[in-house]
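S.K.: Sharing a structure here in structure tokens format.
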Amino acid sequence: MWGVKNNGTAVRRLKKIIPPVAVVLIMGAVAAILAGYFNFISAQMRVDSQRHLQEVYGQVTRSFDAFINDNWGLLDGCAVYYAADGGTDGGGGFAGFVETQKQNRGFSEFYFLDTDKNYRTLGGAAGSLKPDGDYEAMIAAKQPVMAGETIGGVKTTMFAVAFEGVYGGFAFDAIGVSYTNTDIAKSLNANAFDGVAECYVINPEGNVLLTTAVGGGARTNYLTYLKNALDADSYNGIADDIRNGRQGFFQGELRNEEYSIIYMPVGYGDYFLLSAVPLSAVSRGFLTAQRATMRVLLITFSIIIAALIALLVFRIVTQSNKNKQELQYRERMFDVLSNTVNDIFLMLDPDTQAVEYISPNVERLIGISAKEARADIRNMAACAVDRNIIVPDAELRGIPLNGSKSWECEYMHQSTGERRWYRVSIYRMSIQGTEKYIIVMSDRTLDKQLNQKLQEALDAAKSANEAKSNFLSNMSHDIRTPMNAIVGFSVLLEKNADNPAAVRDYTHKIMASGQHLLSLINDVLDMSKIESGKTSLNVEEFSLPALLEDLNIIIMPQAKAKQQDFTIHTHGNPPDKLTGDRLRLNQILINLLSNAVKYTPQGGKIDFSVQSVKGAGQLVNLRFVVKDNGIGMSGEYIKEIFKPFSREKNSVVNAVQGTGLGMAITKNLVDLMGGVIQVESEPGKGSTFTVDLSFAPAAEQQADRLPVKMTRMLVADDEEDVCLGICGMMRGTGVDVKYALDGNTAVEMADAAHENGEGYHVILLDWKMPGTDGVQTARLIREKVGTDVPILVLTSYDWSDIEHEARQAGINAFMPKPFFPSTFFSAVKPFFGGEASQTETPPADGTLQGKMFLVAEDNDLNAEILTEMLALEGARCEVAQNGRIAADMFLKAPEGYYDMILMDVQMPVMNGYEAARTIRASSDYGRRIPIAAMTANTFTEDVQNALNAGMDAHLAKPVDMDAVKKTAAALLAKGRGKEETE
Amino acid sequence: MKKLCVALAVAMCAAVALAGCGNGDGGPSFDPSAITIMGKESDLKKNYMQRIFDLYRASGENINVMYVEDGLYEQKSLELERAGKLPDLYLHFHNADLDNLDVENNFEYLNGAEWETELTASAAKYCTDGDGNLLGLPFWESSVSGCYYNKTIFAKYGLGPVTDQADFDGLCRLLAGEGVTPVCWAADGCSWMQQFALDPVFADDAKLLEDLNASRITYAEIPGVRAMTEWIYNAAKSGWFGKNYLSTGWDGISRALSSGEAAMTFIWDTWFYTDFTPGAYGVDDFALMPVFMNTAEGGTYEGGNLNMMMVNKKGDKKEKALDFLSFCADPENYNAAFKDISTVSVFRRQTTNIQSKMVTDAAESIAAHERVSTASTKIAGYSSDKVCAVFKELLSGAITVDRCIERLDRDRLAAAHGLI
């Protein structure tokens, strides 16, 4: 492994090194090739320039040679001419000849010269010259002379030849002509190379005879110049050549520029023609080509390099963009991911604790911005609920490289206060040689909440299981208790069959136990139905006074049995007619009132009031208050009172029978009706239950009409609230109500009114008044006013107990409390010519006498009970074991054979609904015969199903004969109709 | 009694005359019978002047020397001229203000004097007016102004003196190419270079000078002025004056030449004996060639400014005055007077003076190209100091060539009209 890794590294290193090395090698090769090329070109240029210069300056040399010879030839000619002219003063012919030559050849002056360098011109000017060179020797040797001279301040070159003679008294040894160097330069036409070339005629010592260079007259010795300008070898080479009369060529740097110097002897003496030309002028073509080549190469290479660089840059940029894009994608993806998940990610510098990265979802989850978190990691720590749990720096530093540490932590959202749980894991790792802390805060909130819910559910289940166990335990006891009584008393009944008193007693007790067991079962079923959400309200119009009267009928006897004072009041003039579920309201109020009776000891007081409460909207808001001064409840129990199966644990409650479901059922019914139930209680002082419910007003309130003749009314009740309540309810009816708070005052008021001729049309007396009670008051009033005015008693108690005495005293009728105008109107109507309202009367005995019933019942025992009970009422019946048989029996029976059918619903072969449909569809007789369903199911749906199947009524099992009689009477009287009874 | 009064009056007049003539003592007491020579005090006190006076007196004659304070000389001259009381002999440098003295009516033309041929050509030319009238005897030290070059440096680079402007420009290029400052140009206060260049412009064309002084033309219309200005400007820009020329003054010239930093300068020969301090190079390393500033193809030299003795043609001692001139022009006398005086020869047979080899060697060239000092002496309103200042601005880049010429004209005219 080690070896493989090492080779791989070396290969990678090699791969990194190779490209630059290759580039360097290639560039080196190219440079070498170029150098070789340029060297070759330079060599060629040297050869070329030498050849070129040789050609040019060879030409110039030849021209100069010719010029020199030409002048000597001229002078020779002049000598000949002068001699021929007779050696005179030169006037006339010679002078003219010279002048002509001057014109033709361009020399400046003609001189007669002696060896002392004195001169005479043809014009007679005299002077002396200082020609350079060995003038005297040359003349003496009869050698032609070419010498430089400055005449009149102008540099000139003189040509002289030996010729003796006398001119104008001047003995001369030579004749000469002089040219300005400028003229010679022009005649040589040596200004090649556009005037940049310098051309000199020098002697072997380097002294300049003449120059063609414009402005080059300052150069007096070119070799001296070269000696200073060139290196020793180069100079020596040139100087040696010139000294030895050899022509030569030099190419090198002169005045920081590449020069070509060519030198070749001219045709006189040791003089040389030397020319220095910038190489750029000599080899212009080559140089141009070279430069062009260089330029082209440079451009080409530049283009190539630029292209390479561009490509490289493009690749780098592309790669960089790609990397950037990828990074951006990843960042974006990470952002999306972090916004989607509830985990928070951070990267920290371990040394500075600086937050180098934090996922943006931190703001959503913790409530601090990424900027805040990045500013200081402690801003994050501050969001922890328990800051003690934050791991200190020292411990973090203890995390080994590539190691980690985790802990649970709860954080609170800084804005919303929401709590979240995280498992914080910190990883220490090295990224590109730099250590970092990577922190992952894994959201465990859901898990935590789930666990909590599971725990709660577990606790609830445990609690429910416990409650169920308690319930079953209670139920077991509560069921077994009456069952025990039923079984026990049944045994006793059998054994004491001959003892009618015992039979009656045992039967009564068995019935009581059975009713209690039925009530228990009904409660359990009700609770189950409510909890399963199957209960629905049966909304219909009902009479509030009738409801209150029914309640009074049920509760009063219970209260009276315990000598309890039970009163019913109304306040705020509640309406007579309401729209709502009368049955459920009745159930609620019976539960509350029953409990009040149960948990109020002997002689206690129970007050039940109904108050109309003002509210917004069209609904009628009623407040039902049941207040007792019973045993009360503890504060702890009040919290539990509405829970199923809850009963206060004390000896008193324990002694009272109950399922613990009544209040739970009451609460659920109140909730179902959209109401509120509240309880206030104090142990030993009693309890007050308040139920607020809203009802829709009835479409039409009972339109009782007051007797026209009744306009004055007297009320006597020791409770002023009752009097005021009556006054309030009678307001707007046209009846002037006066009241008295005791009997004697009432007598006086009645008497006084009668005496005034404005006797009251009706007097209403409370029965139970202190001092003179209602009966006595009535008696006294009769003595005063006579018997015309109707006197009624308003009482909560049973009228039958005092009816005889009351009538003796002159009381005409009884009216139950609480006072309702409708009830009052019904009660007083007969005394003013109206008919009494239809009131429900219990069915009279003999209703079923002689009737034939068809009973469909699959249970033999129930069938036997029903048969016997019908027989007791003088009715006969035929039993069918199922719906099919019942239908067949009806179909086979002649019309009118059966008066009514009692149909069980749950039967084998054909159920009751099917059987009813079959019978209804069979004939006209089938459509007319009353059919009542008998079922243990008393849910509203069951009643509705029965009616939908064509049945006329619903009877709950166990069958109540009074209910059967009532239902049968109603159905038989109407022929056929739908009536719901319980 | 009458006579006594006359004598006293004469004596008083003489005394007044003497008192009004000068504030200095002319040496011995005034001799009314002797001729009187008037000049600036500093001029008359030159040793060669004193010598000639002594020699004259020693010859048995007497001469009154009237010393006039230098700064008052011109004013005094005008006063005397207006009063008709010019002295017998009057010293003047023959510059432009001589015209204020009505030369034609007051001074004797000396053409044909026996000593005329004693004068060197340049000296004679200097003392001659535009009409060829010899106005005085130059009895003064003289010099030759030209381009003094370091022949040693020249020889080192194979260079020699040049004879035309093109060669001089080429010479400057070659020297510059060798790293030697071609010309030491002292732009800071050294005010003579421009007059050397202007001399040929106006000396060679007297009409041009006349028209200029008469304000018929201006500098701007004279090609030579522009040619000189442009040459100076371009030479400076080409680096021919070196780097520090703007700050180089009188003292810098000796340093530049003696060190070899610069190869040439435009100056006069006697400077080498009065103000040059040898260094790496000495006097013997230098030679003379004409000044080339694009105003004369063959270059130019400026001859010395000579104080000439002029004769009052109305003076009662005119003949004596003329005799004095003859005395001075005697070779024995002038050689005695100028013995060991550093001067270019004024007289042809002047042998006792110290004339520099530079001048001697260049005699032929000088003879061909020497001009009398014309610009500074003959151009009305010419101020060499002001010219120097304007050119300094030009060379520093503050003004253009055109503006420079304008300024020269402005300064000249203002000075000529007495405004400055």
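Bear in mind that the values in this text are calculations on the coordinates, not laboratory data. Everything quoted here is computed from the prediction, not taken from an experiment. Cβ coordinates were reconstructed from backbone atoms using ideal geometry, including for glycine residues, and neighbour counts include every protein chain displayed.
S.K.: What net charge is computed for the residues neighbouring residue A:629, neighbours being all others with C-beta under 14 Å from the C-beta of residue A:629, Lys and Arg scored +1, Asp and Glu -1?
M.R.: 0
S.K.: Then there's this: Got a sec? How would A:413, A:954 order by Cβ neighbour count within 10 Å, fewest to most?
M.R.: Ordered by Cβ neighbours within 10 Å, fewest first: A:413, A:954.
S.K.: Another question, then. If you take the alpha carbon radius of gyration of the range B:208-277 and divide it by 2.2 N^0.38 Å, what ratio comes out, to two decimals?
M.R.: That works out to 1.48 for the range B:208-277.
S.K.: Return the percentage of antiparallel bridges among DSSP beta bridges fully within the protein assembly as shown, rounded to the nearest 5 %.
M.R.: The antiparallel fraction comes to roughly 70 percent.
S.K.: Now a separate question. Pick out which of B:215, B:191, B:365 has the largest mean-square fluctuation in a Gaussian network model of chain B, springs linking Cα atoms closer than 10 Å.
M.R.: Between B:215, B:191, B:365, it is B:215 that shows the largest mean-square fluctuation.
S.K.: Quick check: net charge around residue B:283, other residues with Cβ under 11 Å of its Cβ, Lys/Arg +1 and Asp/Glu -1?
M.R.: -2
S.K.: Helix A:445-495 sits at what angle to the longest principal axis of chain A, using alpha carbons and giving 0 to 90 degrees rounded to 10?
M.R.: Helix A:445-495 sits at roughly 10 degrees to that axis.
S.K.: Additional query: With the dipole of the protein assembly as shown worked out from charges on the C-beta (+1 for Lys and Arg, -1 for Asp and Glu) around the Cα centre, which of B:143, B:95, A:47 lies farthest toward the positive end?
M.R.: My answer, from the dipole projection, is A:47.
S.K.: Here is a follow-up. Translational D (Stokes-Einstein, µm²/s) of the range A:308-433 at 25 °C and 0.890 mPa s when Rh comes from the Kirkwood sum over C-alpha pairs?
M.R.: 148 µm²/s
S.K.: Please give the helix B:250-259 orientation as an angle from the longest Cα principal axis of chain B, in degrees from 0 to 90, rounded to the nearest 10.
M.R.: It is inclined by approximately 50 degrees.
S.K.: Using all C-alpha to C-alpha distances in the range A:77-207, build P(r) with 5 Å bins and read off the rounded percent in each one.
M.R.: Bin by bin from 0 Å, the calculated values are 2, 10, 20, 22, 20, 13, 7, 4, 2, 1.
S.K.: Fewest to most neighbouring Cβ within 10 Å: what's the order for A:78, A:727?
M.R.: Ordered by Cβ neighbours within 10 Å, fewest first: A:727, A:78.
S.K.: Which one, A:251, A:445, A:163, is farthest towards the positive end of the dipole of chain A when Lys and Arg carry +1 and Asp and Glu -1 on their Cβ?
M.R.: Value computed over the given set: A:163.
S.K.: I've got another one for you. Sequence gap at least 6, Cα distance under 8 Å: using those rules, report the relative contact order of chain B to the nearest whole percent.
M.R.: Relative contact order, chain B: 24 percent.
S.K.: Please compute the Kirkwood hydrodynamic radius of the range A:17-99 from all pairs of different C-alpha atoms, in Å with one decimal.
M.R.: Hydrodynamic radius (Kirkwood, Cα only) of the range A:17-99 equals 18.6 Å.
S.K.: Which log10 I(q)/I(0) values, to two decimals, does the range A:852-980 give at q = 0.10, 0.19, 0.23 Å⁻¹ under the Debye formula with one point per Cα?
M.R.: Cα-only, vacuum Debye calculation for the range A:852-980: -0.25, -1.01, -1.62.
S.K.: Normalising by the residue count of chain A, find the relative contact order in percent from Cα pairs under 8 Å and 6+ residues apart.
M.R.: So the answer I get is 5 percent.
S.K.: Mind listing the phi-derived Karplus ³J(HN,Hα) values for the range A:865-872, rounded to whole Hz, using 6.51, -1.76 and 1.60 with θ = phi - 60°, and x for any glycine or proline?
M.R.: 3J(HN,Hα) across the range A:865-872, in whole Hz: 4, 5, 4, 5, 5, 5, 4, 5.
S.K.: Also, I was wondering about something else. Over all directions, average the projected area of the Cα convex hull of the range A:887-935 and note it in nm².
M.R.: Convex hull of Cα atoms, orientation-averaged projection: 3.0 nm².
S.K.: What percent do you get for the relative contact order of the range A:852-980 when only Cα pairs under 8 Å and 6+ apart count?
M.R.: 21 percent.
S.K.: Tell me the angle of helix A:720-730 to the major Cα principal axis of chain A, expressed in degrees between 0 and 90 and rounded to the nearest ten.
M.R.: The answer is roughly 80 degrees.
S.K.: Next question, about the same structure. Taking each residue of A:147-155 in turn, how many C-beta atoms of other protein chains fall within 10 Å of its C-beta, and what is the average?
M.R.: Across A:147-155, the average partner-chain Cβ count within 10 Å equals 5.
S.K.: Through the Karplus equation 6.51 cos²θ - 1.76 cosθ + 1.60, θ set to phi - 60°, convert the phi angles of the range A:539-556 into ³J(HN,Hα) values in whole Hz; use x for Gly and Pro.
M.R.: Here the 3J(HN,Hα) series is 8, 7, 6, 8, 9, 5, x, 5, 4, 5, 5, 4, 4, 4, 4, 7, 7, 3 Hz.
S.K.: When A:163, A:107 are ordered from fewest to most other Cβ atoms inside 10 Å of their Cβ, what list results?
M.R.: Ascending Cβ contact count within 10 Å gives the list A:163, A:107.
S.K.: Next up: Restricted to Cα positions, what overall size does chain A have along the principal axes? Three whole-Å values, descending.
M.R.: Computed over chain A, the largest-to-smallest principal extents equal 217, 85, 71 Å.
S.K.: Using the Karplus equation 6.51 cos²θ - 1.76 cosθ + 1.60 (θ = phi - 60°), what ³J(HN,Hα) coupling, rounded to whole Hz, does each residue of the range A:941-948 give in order, writing x for Gly and Pro?
M.R.: Ordered by residue, 3J(HN,Hα) equals 5, 5, 5, 5, 4, 5, 5, 5 Hz.
S.K.: Something else now. Between the range A:865-904 and the range A:34-79, how far is it from one alpha carbon centroid to the other, in angstrom?
M.R.: With the range A:865-904 and the range A:34-79 each reduced to a Cα centre, they are spaced 162 Å.
S.K.: Under 10 Å, Cα contacts only: if you run a Gaussian network model on chain B, which one of B:183, B:311, B:68 comes out with the highest mean-square fluctuation?
M.R.: Result for chain B, Cα springs under 10 Å: B:68 fluctuates most.
S.K.: If you don't mind, there's one more thing I want to ask. Could you tell me the distance between the Cα centroids of the range A:390-429 and the range A:555-618, to the nearest Å?
M.R.: That distance is 63 Å.
S.K.: What's the whole-number percent of alpha carbon pairs in chain B lying beyond 30 angstrom?
M.R.: 46 percent
S.K.: If each Cα of the range A:704-840 is one equal point scatterer, what is log10 of I(q)/I(0) from the Debye formula at q = 0.10, 0.15, 0.21 Å⁻¹?
M.R.: -0.27, -0.65, -1.39
S.K.: Still on this structure, I have one more. How far is the Cα center of the range A:302-342 from the Cα center of the range B:32-96, in Å?
M.R.: So the separation of the two Cα centres works out to 103 Å.
S.K.: Would you kindly compute the Cα radius of gyration of the range A:450-531 and its largest Cα-Cα separation (Dmax), both in Å?
M.R.: Gyration radius and largest Cα-Cα distance of the range A:450-531: 19.5, 69 Å.
S.K.: If you average 1/r across every pair of different Cα atoms in the range A:243-286 and take the reciprocal, what Kirkwood value do you get, in Å?
M.R.: Averaging 1/r across every pair of different Cα atoms and inverting gives 11.3 Å.
S.K.: Counting helices only, and only those DSSP H runs with n ≥ 4, report the 222 nm mean residue ellipticity of chain A as the sum of -39,500 (n - 2.57) divided by its residues, in deg cm²/dmol to the nearest 500.
M.R.: It comes out at -16000 deg cm²/dmol, rounded to the nearest 500.
S.K.: Ignoring solvent entirely, what values of log10 I(q)/I(0) come out of the Debye formula for the range B:141-277 at 0.09, 0.17 Å⁻¹ when each Cα is a single scatterer?
M.R.: Values returned for q = 0.09, 0.17 Å⁻¹ are -0.30, -0.98.
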